[in-house]
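The values are calculated or read from the model by the stated rules, or taken from the named source; none is laboratory data. All values reported here derive from a predicted model rather than from experimental measurement. Virtual Cβ from ideal backbone geometry, glycine too; neighbours counted across all protein chains shown.
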2 protein chains.
Amino acid sequence: MKSNVLIIGAGGVAHVVAHKCAQNNALLGDIHIASRTPGKCQAIIESVHTRGSLQRPGVLRAHALDAMDVAATEALIRATEARIVINVGSAFLNMSVLQACLRTGAAYVDTAIHEEPDRICETPPWYANHEWKRREACAAAGVTAILGAGFDPGVVNAYARLACDDYFDRVDSIDIVDINAGRHDRYFATNFDPEVNFREFTGTVWSWQGRQWTASRMFEYRKEWDLPVVGRQTAYLTGHDELHSLSQHLDVPDIRFWMGFSEHYINVFTVLRNLGMLSEQPVRTAEGQEVVPLKVLKAVLPDPASLAPAYTGKTCIGNVVRGERDGKERRIFIYNICDHEKSYREIGSQAISYTAGVPAAAAALLIARGIWDVRRMVNVEQLPPRPFLALMAGMGLKTWVRENGRDVPLAAQAAPADA
Amino acid sequence: MKSNVLIIGAGGVAHVVAHKCAQNNALLGDIHIASRTPGKCQAIIESVHTRGSLQRPGVLRAHALDAMDVAATEALIRATEARIVINVGSAFLNMSVLQACLRTGAAYVDTAIHEEPDRICETPPWYANHEWKRREACAAAGVTAILGAGFDPGVVNAYARLACDDYFDRVDSIDIVDINAGRHDRYFATNFDPEVNFREFTGTVWSWQGRQWTASRMFEYRKEWDLPVVGRQTAYLTGHDELHSLSQHLDVPDIRFWMGFSEHYINVFTVLRNLGMLSEQPVRTAEGQEVVPLKVLKAVLPDPASLAPAYTGKTCIGNVVRGERDGKERRIFIYNICDHEKSYREIGSQAISYTAGVPAAAAALLIARGIWDVRRMVNVEQLPPRPFLALMAGMGLKTWVRENGRDVPLAAQAAPADA
């Protein structure tokens, strides 16, 4: 039976999801892309055709949709007979799209936590403020909802689960490290929508330390990491989605997230924040025009998609896990390296979009195959990680494990004794 | 005979001019203030009354005026019987206001060179592009027009003339140094209207070197100066109005302008310029709104007038002059020190506005007294400097001369041998 997939959103991640679904349309069936701006969906469809991404001839169609409108989304799910909805639109849409899935029985996949436009940095755990309130409804309706199935959150949640299951008797800490060691040709740019990107860093930094939530300020804590391929990199303690589910689902006292920022990024960010240019609250010009500074900033900054052709270098994202095995201390780093240029050559995307989009498409495939079709709401660490990681290795995202200075591909490793 | 004065503009400099004219209204007569926003004129008038700045009871009146409208300005000059117009409005108004003076015979004073909104950094000498085209008309009509009678341009032009006349047989170089060593309580602010302020630094830097115009980039050349009161300060070669007249009127091979900028200022400026936030060209937001980034930046930045209450520290502006006297090398520094807090206590202004406004009021007084009523168009260096500097010493701006490490007030000095 064909699943039929409805992709919601038409940005950089949707572009990747569409290509990866197209490369697997024998299993996934019809592919539909919906956004407020159907022209952007159409551009993705043209790109899929141009690059010959379709596994076999099949339906690939653009739709105009305001996904805040639950009834309209429900109608589109029914009209397209989509059994899987991949929500890679704005983070403001999650709850509406999830509701439409609950009404239709379609499976739901997303890659980022729900946000309300006027609230930045709510009380942890963030999922409990929105998505988890629908857990019982999903279970009652037998609806599969996989939350946060991008790279981070997503793949790093699977890494965390894998470490706990296969590498450690006891895990003491998980440090998720996200480094983009790529270079583009612009003075400054965000890797995705500036409006959403900057919001990540303007609130309180929440970390899970000593089995409790601890608050700090952005750029308050920094640490240098010596990483494969990208070398020594400075990263900063940052609040991030996955901490909010991992802290609840895994028995690990310390779970932290570290994001790499260049001095240049931090400087530009600091200037803009202090001037008030990152504000989502409107100001009035001397001429009486009312404008939101963050939206004007977005207008002068490069479109992140425009960076892809000139992007060089690699990303390195993974989990530093410490704990005990057979009575001995152990430390491993489970990670992926993604190459901006290679991603662009394959499907016209930079590595940031690529690493976020491939896992979402992989999750859809695992649902279609029944392996992850769990008929309830889960975060990725609640699912078996090996099928996910094995599938992605063939889709462009290979997992490696570094231990004692040696880097070994996950698939090539001997199965752990207790696996 | 009363002169009656019409002040055009209602910003920080107009505030100072109004107070200083009020302190001398026995000679100047009625004082009128006109701007597009009469409420701002009214606020200045209230401040004059509150602080008791009027020398004696007299007329002090606000008017609504679009000074781009020559006929309206002409009518207001006639209605107020103003014999002196002090133009301290936007730099875009000069040519219109000058035209109204030509039609009415009123004397004209301004403090900055004319600018066209869409042209930044025209061909030197800048005055020749606009004001000097009316030289013959002024002479024919017997209209006094004193261009650039603020501090810089203005007082520094008088310093240059004084040096050439009284201190040197031959002047080799004049370096005008403008340092604001003040501190306010905001993260970042411009000292006057951000829109105009930033325009000063986004074009080519023109300097007069080796008797010709040389072009450089902003922040390309820096130099550390050891100055009275404010100490060691770094300043950057900057284009500025006064070079464009001094180079034509004085026989000096090198005339340069140096403006002090903190590393912090340069950093913020550089980020904003590189992002495109200093652009006067409109951009379109994702929501379709058309906005000028520079106007939005102005809206988020502090109103310069709001800085005054918390401003501490001093400005130091003056001319380093090198040359020969009696066969020997000579180097002097003619300068003023102005205190932000003292200016605020006296009339509610910070020192940047104070140093720009006092000279314009002094020029008006010298016209009223007939000393500077030359019935033609001149720049300040074409006028006798000593009456101007002596008058200002009593109005809050004292001139000092440093030579061989000794600082002496100009007035206290023995008259030079050939004076």
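Structure above, values below:
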quantity: Qualifying residue in segment B:302-314 (condition: under 30 Å from residue B:252 (Cα atoms), more than 10 Å from chain A (Cβ to nearest Cβ) and buried (at least 18 other Cβ atoms within 10 Å of the Cβ)); calculated: yes
quantity: Residue A:181 being farther than 27 Å from residue A:217 by Cα and either surrounded by 19 or more Cβ atoms within 10 Å (Cβ to Cβ) or of a type outside the set (Lys, Arg) (or both); calculated: no
quantity: Matching entry among B:358, B:380, B:408 (being hydrophobic (A, V, I, L, M, F, W, C) and surrounded by fewer than 20 Cβ atoms within 10 Å (Cβ to Cβ)); calculated: B:408
quantity: Helices (runs of 4 or more DSSP H) (entirely within segment A:183-294) containing at least 1 residues that are within 14 Å of chain B (Cβ to nearest Cβ) and at pLDDT below 95; calculated: A:194-199, A:263-275
quantity: Which listed residue, of A:18, A:22, A:43, is more than 20 Å from residue A:395 (Cβ to Cβ), outside the structural domain of residue A:303 (by TED's automatic domain parsing) and not aromatic (Phe, Trp, Tyr); calculated: A:43
quantity: Search result, residues across segment B:95-111 that are under 18 Å from the mean Cα position of the chain (by Cα) and surrounded by fewer than 24 Cβ atoms within 10 Å (Cβ to Cβ); calculated: B:95
quantity: Qualifying residue in segment B:318-335 (condition: surrounded by fewer than 22 Cβ atoms within 10 Å (Cβ to Cβ) and under 24 Å from residue A:270 (Cα atoms)); calculated: no
quantity: Residue satisfying all of: in segment A:144-155; out of contact with any Lys or Arg (no Cβ under 7 Å at 6 or more places or on another chain) and assigned to a loop (DSSP other than H, G, I, E, B); surrounded by the most Cβ atoms within 10 Å (Cβ to Cβ) among these; calculated: A:149
quantity: Qualifying residue in segment A:397-408 (condition: β-branched (Val, Ile, Thr) and closer than 30 Å to residue A:132 by Cα); calculated: yes
quantity: Exclusive hit being farther than 30 Å from residue A:132 by Cβ and without any contact (Cβ under 8 Å) to a residue 40 or more places away in the chain, set A:268, A:229, A:300; calculated: A:300
quantity: Segment A:7-29, residues that are part of a strand (DSSP E or B) and modelled with pLDDT under 95; calculated: none
quantity: Answer from A:210, A:239, A:276, A:260 - the residue that is at positive phi, in the same structural domain as residue A:336 (by TED's automatic domain parsing) and buried (at least 16 other Cβ atoms within 10 Å of the Cβ); calculated: A:276
quantity: Where a residue in segment B:122-138 is closer than 14 Å to residue B:246 by Cα and its partner, wherever it lies, is in a helix (DSSP H, G or I), with Cβ under 6 Å and at least six apart; calculated: B:124/B:244; B:125/B:244; B:125/B:248; B:126/B:244; B:127/B:244; B:127/B:245
quantity: Filter pass, residue A:411 being touching a residue at least 60 places away in the same chain (Cβ under 8 Å) and of a type in the set (Gly, Ala, Ser); calculated: no
quantity: Matching residues in segment A:227-274 - criterion: being of a type in the set (Asp, Glu) and within 24 Å of residue A:114 (Cβ to Cβ); calculated: A:241, A:242
quantity: Residue pairs meeting the criteria (Cβ under 7 Å; at least 6 apart or on separate chains; first without any contact (Cβ under 8 Å) to a residue 40 or more places away in the chain, in segment A:66-77; second outside any loop (DSSP other than H, G, I, E, B)); calculated: A:66/A:72; A:68/A:96; A:70/A:96; A:70/A:99; A:70/A:100; A:74/A:100; A:74/A:103; A:74/A:104
quantity: Lone qualifier among A:170, A:199, A:134, A:186 - being out of contact with any strand residue (DSSP E or B) (no Cβ under 6 Å at 6 or more places or on another chain) and either farther than 18 Å from residue A:114 by Cβ or among the β-branched types (Val, Ile, Thr) (or both); calculated: A:186
quantity: Breaking point among (1) within 7 Å of chain A (Cβ to nearest Cβ); (2) in a loop (DSSP other than H, G, I, E, B); (3) not polar (S, T, N, Q), for residue B:299; calculated: (2)
quantity: Subset tally (residues that are surrounded by fewer than 19 Cβ atoms within 10 Å (Cβ to Cβ) and closer than 30 Å to residue B:275 by Cα) for segment A:213-224; calculated: 8
quantity: Matching entry among B:288, B:348, B:318 (being small (Gly, Ala, Ser), out of contact with any strand residue (DSSP E or B) (no Cβ under 9 Å at 6 or more places or on another chain) and touching a residue at least 40 places away in the same chain (Cβ under 8 Å)); calculated: B:348
